[in-house]
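Chemist: Please see the structure below; I have some questions.
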Amino acid sequence: MKKITLYLLTLVFITACTGPRGPEGPPGEGSGVIGQTFEYEDIKFDYEPDFNMFSTLIDVPDEIEVLESDAILVYRLEIDNGAETFSLIPQNFFLDEGTIQYVYNHTPSDIELIIDGDFDLSNLGTEFTDNQIFRFVVVPADFANDPTINIESFSELIDSGIEFEEF
């Protein structure tokens, strides 16, 4: 009797799981544009002797809304053998004099870019301080912290299928 009951229950569960597919539901809240990006060219860093660093302040464009909970990712343009790549900062450079690092801080309205180093930066070459190009990407913090998404280079971020609104 137990075998028959088990057989009938199994048959009921199998047949209950079949049938026509239901209608497609509404799109989720996460669909569409989830990030915003903007770019600044010809950035020049100013030397701050009291802190032995270079810095510059970038205003977030008025048309971009940055929430307190958003993350801003900063990419610096590098040109290597004619190939252009935007690489995520912080970014280190190892020079004969020592090490420099591009870093940044941000608020919802501005981004401070900094070149810091472990030697006297007053003679740092203009190839690091003048005519720099940076791309800024505003994303929800949960997205920036997702380990399944590679944010190391801007091209890999775009290749992940994420949609961005450019300004």
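Chemist: Quick one: 3J(HN,Hα) in Hz for segment 105-111, Karplus 6.51/-1.76/1.60 with θ = phi - 60°, rounded, Gly and Pro as x.
Modeler: Those phi angles translate into 10, 8, 10, x, 10, 8, 10 Hz.
Chemist: For E48, enumerate residues with amide H under 5 Å from its amide H, sequence gap 5+ or separate chain, H modeled in the peptide plane.
Modeler: M53, F54, S55
Chemist: Right, here's the next one. Among residues other than G125 whose Cβ falls under 12 Å from its Cβ, what is the net charge (Lys/Arg +1, Asp/Glu -1)? Display every interim value, and only then the final one.
Modeler: Working: positive: none; negative: D96, E97, E127, D130.
Residues close to G125 contribute a combined charge of -4.
Chemist: Also, I was wondering about something else. Apply the Karplus parameterisation 6.51 cos²θ - 1.76 cosθ + 1.60, with θ equal to phi minus 60°, to every residue of segment 61-74 and state each ³J(HN,Hα) to the nearest whole Hz, in sequence, with x for glycine and proline.
Modeler: So the Karplus estimates, Gly and Pro as x, are x, 4, 6, 9, 8, 10, 7, 4, 8, 6, 9, 10, 9, 10 Hz.
Chemist: Taking amide H atoms as placed 1.01 Å from N in the peptide plane, list the residues 5 or more away in sequence, or in a different chain, whose amide H sits under 5 Å from that of Q91.
Modeler: For Q91, the qualifying residues are Y102.
Chemist: Check which residues have an amide H placed less than 5 Å from F86's amide H, if you skip close sequence neighbours.
Modeler: Amide H neighbours of F86, under 5 Å, 5+ apart: E78, F154, S155.
Chemist: So what are the ³J(HN,Hα) numbers for segment 116-121, from phi and the Karplus equation (6.51, -1.76, 1.60; θ = phi - 60°), rounded to whole Hz, Gly and Pro as x?
Modeler: Once θ is set to phi - 60°, the couplings for segment 116-121 become 10, x, 10, 8, 5, 8 Hz.
Read-outs throughout are calculated quantities, based only on the coordinates presented, and are distinct from any laboratory measurement. These numbers come from a predicted model, not from an experiment. No Cβ is skipped: glycine too gets one built from the backbone with ideal geometry, and neighbour counts run over all protein chains shown.
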